[in-house]
Amino acid sequence: MITLEQFSLEFSFTVSPKLMYTFISQPEGLSRWFADAVFIEEDVYHFVWEGSEQKARLIESKDNEFVKFEWLDDFHQGYMFEMHILNEEVSREVALLIRDYAEPSEMDYYQRLWSAQIRKLQRLFNA
C-alpha cells in the first residue's frame, strides 16, 4: 500500500451552514460541483468523473457540520476525505475545511484539484 499524507485546505463562503451541508452531503448538491454525477446505493456513494467511477462510504456525518467518507477503491482503500463546515458567527460566513490524503509527490496536484472544484462551488453561490 502506498503511503499517503494528510493535507487540509480552507475556503470561505457567504452561505448558511444548512445550504452548505446540502452541497457536501446530498447527491444533487455534490453533482453540481464535486463530480459529474453522484448516486447512492445503500450507504455507498458512487462518484463519476469523465466516465470513471470511484466509490466511497459515508462513515460519519452531522447535520450542518461535517461529512466523512472512506474510499473503497483499491488504490485509496482505508483512506478518508472530510468536509467540515466552520461557522463564523460574527462575519456570517462559513468556512469549508477539506481534509484529504495524497502521495507526497502528488500533493500539489490534489490541492489544485480541490481548489478548482471549490471554485465551481463558489460560482454556484455567487450566481
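Read-outs: derived from the displayed coordinates by stated rules, not from any lab. Bear in mind the structure is a predicted one, so any value in this text is a computation, not a measurement. Backbone-built Cβ (ideal geometry, glycine too); neighbour counts: all protein chains shown.
Among the residues of the stretch 32-49, those that are assigned to a strand (DSSP E or B), surrounded by fewer than 17 Cβ atoms within 10 Å (Cβ to Cβ) and not aliphatic (A, V, I, L, M) comprise 39, 41, 46, 49.
Across the stretch 10-31, what is the total count of residues that are under 12 Å from the mean Cα position of the chain (by Cα) and in a loop (DSSP other than H, G, I, E, B)? Of the residues in that region, 2 qualify. For beta carbons closer than 7 Å, sequence separation of 6+ or different chains, a first residue in the stretch 1-29 that is touching a residue at least 60 places away in the same chain (Cβ under 8 Å) and a second that is among the acidic types (Asp, Glu), the qualifying pairs are 2/103; 4/103; 7/100; 12/93; 13/93; 14/93; 21/63. Evaluate the following for residue 95: is it without any contact (Cβ under 8 Å) to a residue 40 or more places away in the chain, out of contact with any helix residue (DSSP H, G or I) (no Cβ under 9 Å at 6 or more places or on another chain) and either surrounded by 15 or more Cβ atoms within 10 Å (Cβ to Cβ) or not β-branched (Val, Ile, Thr) (or both)? Criteria not met by residue 95.
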